[in-house]
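The values are calculated or read from the model by the stated rules, or taken from the named source; none is laboratory data. All values reported here derive from a predicted model rather than from experimental measurement. Reconstructed Cβ throughout: ideal geometry from the backbone, glycine too, with neighbour counts over all protein chains shown.
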Ligand code: FES
């Protein structure tokens, strides 16, 4: 049974489970701030469930590849859409700041046990502006 490591939490799931569903079922979320409510509910359209994944997961499908080409995403960010990613083995998942979680030049969000984790989840107006900046993560 695969284990998902996310922000200091460990969640077991069945092989082939959708990463976004695994997190939501554990009362966690791949979304930041208002995107927790304002998202496409897993259809691969909004891009706000983007996370960095290290481990065994499904390959990107055409929908995911297409969405990750559209700003504020950029192919150099090496992110995955949690709603389009199937967990195939043990994985470590990181979420970056910003409405879409695309601020990959910053540190990923800290473990949830950290006292200031909640404040770090809330994107600021400056974060939203950063998400609109063209990618230069070469
Ligand atoms: S929830 Fe919208 S792209 Fe994943």
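With the condition kept exactly as written, say whether any residue in segment 10-21 is surrounded by 15 or more Cβ atoms within 10 Å (Cβ to Cβ), within 16 Å of the ligand (Cβ to nearest atom) and in a loop (DSSP other than H, G, I, E, B). Within segment 10-21, none of the residues are surrounded by 15 or more Cβ atoms within 10 Å (Cβ to Cβ), within 16 Å of the ligand (Cβ to nearest atom) and in a loop (DSSP other than H, G, I, E, B). Against the list (1) farther than 21 Å from residue 113 by Cα; (2) assigned to a loop (DSSP other than H, G, I, E, B); (3) more than 12 Å from the chain's Cα centre (by Cα), the condition residue 76 fails is (2).
Scanning segment 22-35 for residues that are touching a strand residue (DSSP E or B) at 6+ places or on another chain (Cβ under 9 Å) and surrounded by fewer than 23 Cβ atoms within 10 Å (Cβ to Cβ) gives 25, 26, 28. Just so you know, in segment 36-51 the residues that are more than 6 Å from the ligand (Cβ to nearest atom) and surrounded by 15 or more Cβ atoms within 10 Å (Cβ to Cβ) include one that is nearest to residue 109 (Cα to Cα), and it is 51.
Cβ separations smaller than 7 Å between residues 6+ apart or across chains give the following pairs from segment 15-44 residues that are farther than 19 Å from residue 57 by Cβ to residues that are part of a helix (DSSP H, G or I): 32/121; 33/121.
Just one of the listed residues (30, 72) is more than 22 Å from residue 6 (Cα to Cα), at pLDDT 95 or above and touching a helix residue (DSSP H, G or I) at 6+ places or on another chain (Cβ under 6 Å), namely 72.
Can we say residue 111 is more than 17 Å from residue 2 (Cβ to Cβ), loosely packed, with under 15 Cβ neighbours inside 10 Å and in contact (Cβ under 8 Å) with a residue 60 or more places away in the chain? Considered against the rule, which asks whether it is more than 17 Å from residue 2 (Cβ to Cβ), loosely packed, with under 15 Cβ neighbours inside 10 Å and in contact (Cβ under 8 Å) with a residue 60 or more places away in the chain, residue 111 comes out as yes.
Within segment 69-77, identify whether any single residue is in contact with a strand residue (DSSP E or B) (Cβ under 7 Å, 6 or more places away or on another chain) and within 12 Å of the ligand (Cβ to nearest atom), and answer yes or no. Within segment 69-77 (the criterion being in contact with a strand residue (DSSP E or B) (Cβ under 7 Å, 6 or more places away or on another chain) and within 12 Å of the ligand (Cβ to nearest atom)), the answer is yes, since at least one residue qualifies. Restricted to segment 22-35, and to residues there that are part of a helix (DSSP H, G or I) and under 17 Å from residue 90 (Cβ atoms), the residue that is nearest to the ligand (Cβ to nearest atom) is 23.
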